[in-house]
Amino acid sequence: MKQIMLSAFFVFVFGSIAWGQKSADIPEGTQAGQRQVIVVASVAFPFRWCPPGTFTMGSPETEKDRDDSELQHRVTLSRGFWILETEVTQQMYKAVTGTNPSNFKGECLPVDQVSWADANSFCKKLSDILTKTSDAKSSVTFALPTESQWEYAARAASSGPYAGKLNDLAWYGEPTDTGTTHPVATKSPNAWGIHDMHGNLWEWCHDRFADFSKGDVIDPVAPETALGNTRIDRGGCWDSTPEYCRSAYRGVYESDRKSRFVGFRIVAVFQHSTSKDAKH
């Protein structure tokens, strides 16, 4: 397991961390599920590698509780990416922003009560930390996953409604009057070592909601003109019923809303992997 140690100052002194490396750049991975850890302000940020590849996005018409928006189509992701092994925890969020807005408090709980803009601001601040602690301009920035990146990582080469047995993978189905989030990585990971893609908290994605293409697409991103002030969220949460936790289910949320049901995870994006293909 490789580690990249970052020194950082943000708002308050974050503590100097040294690892004997001159660069904080993250190398590309080789095998699906390969692990890479960044440490910021003594807080570990573990990532898992998602290799470039082609998969079937959406759900078959025979899938139980299927929604019409889940049209199956082939998606090719031309570049691999690192995705955070867990949802962003409150400890991670505070290490980068100095704040913790969560309704449910606990360092190892996923951060909640964050808008889509809050999640993007977190990504920018973490990217700035990486750049400032690298001798050369970093080739990596952090971002919310696109909807296709999210589903690709959630499926981890699986093709069914879930990436395994839902009870093994997810915190879900709890009444809203007694339910709560749970510490991350306390349920089983998927085949690529990624935890909580089903349940715990809904997760913001980069994209607005738009209809899927009927044909094959490469590196799809929904156009910014799609469906007003909303963004996709995925995965279900601690109070969701099983149909909303499916790999293919497409949630939609007002982007400025802050909720105890929604959090996020991030991806490390290589600058040379940006696609100009606007098809979805």
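Condition check: basic (Lys, Arg), part of a strand (DSSP E or B) and under 28 Å from Lys258 (Cβ atoms). Does Arg208 satisfy that? Can you show your working first?
Working: basic (Lys, Arg): yes; part of a strand (DSSP E or B): no; under 28 Å from Lys258 (Cβ atoms): yes.
Spelling it out, it is not the case that Arg208 is basic (Lys, Arg), part of a strand (DSSP E or B) and under 28 Å from Lys258 (Cβ atoms).
Of all residues being among the aliphatic types (A, V, I, L, M) and open to solvent by 20 Å² or more (accessible area, probe 1.4 Å) in the stretch 132-158, which is modelled with the lowest pLDDT? Just the residue, please. Spell out how you get there, then give the answer.
To start, the set of residues in the stretch 132-158 that are among the aliphatic types (A, V, I, L, M) comprises 136, 140, 143-144, 153-154, 156-157.
If we keep only those that are open to solvent by 20 Å² or more (accessible area, probe 1.4 Å) too, we end up with 136, 143, 157.
Values: Ala136: 49, Ala143: 97, Ala157: 98.
Among those residues, the one meeting the criterion is Ala136.
Hey, Ser59 hits all of (1) open to solvent by less than 20 Å² (accessible area, probe 1.4 Å); (2) in contact with a helix residue (DSSP H, G or I) (Cβ under 9 Å, 6 or more places away or on another chain); (3) in a loop (DSSP other than H, G, I, E, B) but one; which does it fall short on?
(2)
What do you reckon, is Gly29 open to solvent by 60 Å² or more (accessible area, probe 1.4 Å), of a type in the set (Gly, Ala, Ser) and modelled with pLDDT under 95? So that I can check it myself, show each step before the final result.
On the way: open to solvent by 60 Å² or more (accessible area, probe 1.4 Å): no; of a type in the set (Gly, Ala, Ser): yes; modelled with pLDDT under 95: yes.
Considered against the rule, which asks whether it is open to solvent by 60 Å² or more (accessible area, probe 1.4 Å), of a type in the set (Gly, Ala, Ser) and modelled with pLDDT under 95, Gly29 comes out as no.
Sort out which residues of the stretch 219-246 are farther than 13 Å from Thr146 by Cβ, among the small types (Gly, Ala, Ser) and buried (at least 20 other Cβ atoms within 10 Å of the Cβ), and write them in order of number.
Gly235, Gly236, Ser240
Do we find that Leu126 is in contact (Cβ under 8 Å) with a residue 12 or more places away in the chain and in contact with a Ser or Thr (Cβ under 7 Å, 6 or more places away or on another chain) in this structure?
Taking the combined requirement at face value, the residue does not satisfy it.
Against the definition (farther than 23 Å from Lys64 by Cβ and surrounded by 18 or more Cβ atoms within 10 Å (Cβ to Cβ)), how does Trp171 come out, yes or no? Walk me through how you get there before you give the answer.
Details: farther than 23 Å from Lys64 by Cβ: no; surrounded by 18 or more Cβ atoms within 10 Å (Cβ to Cβ): yes.
Here the answer is no, as Trp171 does not meet what is asked.
State all residues of the stretch 211-232 that are part of a strand (DSSP E or B) and among the aliphatic types (A, V, I, L, M); if no residue qualifies, say none. I'd like the intermediate steps shown before the answer.
Taking the stretch 211-232 first, the residues part of a strand (DSSP E or B) are 217-218, 230-232.
Hits for the stretch 211-232 are Val217, Ile218, Ile232.
Out of everything in the stretch 190-234 that is in contact (Cβ under 8 Å) with a residue 40 or more places away in the chain and β-branched (Val, Ile, Thr), what residue ends up being nearest to Gly33 (Cα to Cα)?
Step by step, filter the stretch 190-234, then rank; the result is Ile194.
Residues being part of a strand (DSSP E or B) and of a type in the set (Gly, Ala, Ser): count how many of those fall in the stretch 233-273.
Taking the stretch 233-273 first, the residues part of a strand (DSSP E or B) are 233-234, 251-254, 262-263, 267-270.
Add one more test, that the residue is of a type in the set (Gly, Ala, Ser), and what stays is 251, 263, 268.
Final tally of qualifying residues: 3.
What helices (runs of 4 or more DSSP H) completely inside the stretch 116-178 contain at least 3 residues that are under 24 Å from Asp207 (Cα atoms) and under 17 Å from the mean Cα position of the chain (by Cα)?
Per the criteria, 116-132, 147-155.
Across the stretch 106-133, what is the number of residues that are touching a helix residue (DSSP H, G or I) at 6+ places or on another chain (Cβ under 7 Å) and not hydrophobic (A, V, I, L, M, F, W, C)?
Selection size over the stretch 106-133: 3.
Kindly evaluate Gln113 against the criterion of being open to solvent by less than 10 Å² (accessible area, probe 1.4 Å) and more than 30 Å from Thr56 (Cα to Cα). So that I can check it myself, show each step before the final result.
Numbers: open to solvent by less than 10 Å² (accessible area, probe 1.4 Å): no; more than 30 Å from Thr56 (Cα to Cα): yes.
No: the conditions fail for Gln113.
The values are calculated or read from the model by the stated rules, or taken from the named source; none is laboratory data. Just so we're clear, the structure is a prediction, and the values are computed from it rather than from any experiment. Cβ coordinates were reconstructed from backbone atoms using ideal geometry, including for glycine residues, and neighbour counts include every protein chain displayed. Keep in mind that these areas ignore ligands, DNA and RNA; they rest on the heavy atoms of the full protein, side chains included. Shrake-Rupley method; radii C 1.70, N 1.55, O 1.52, S 1.80 Å.
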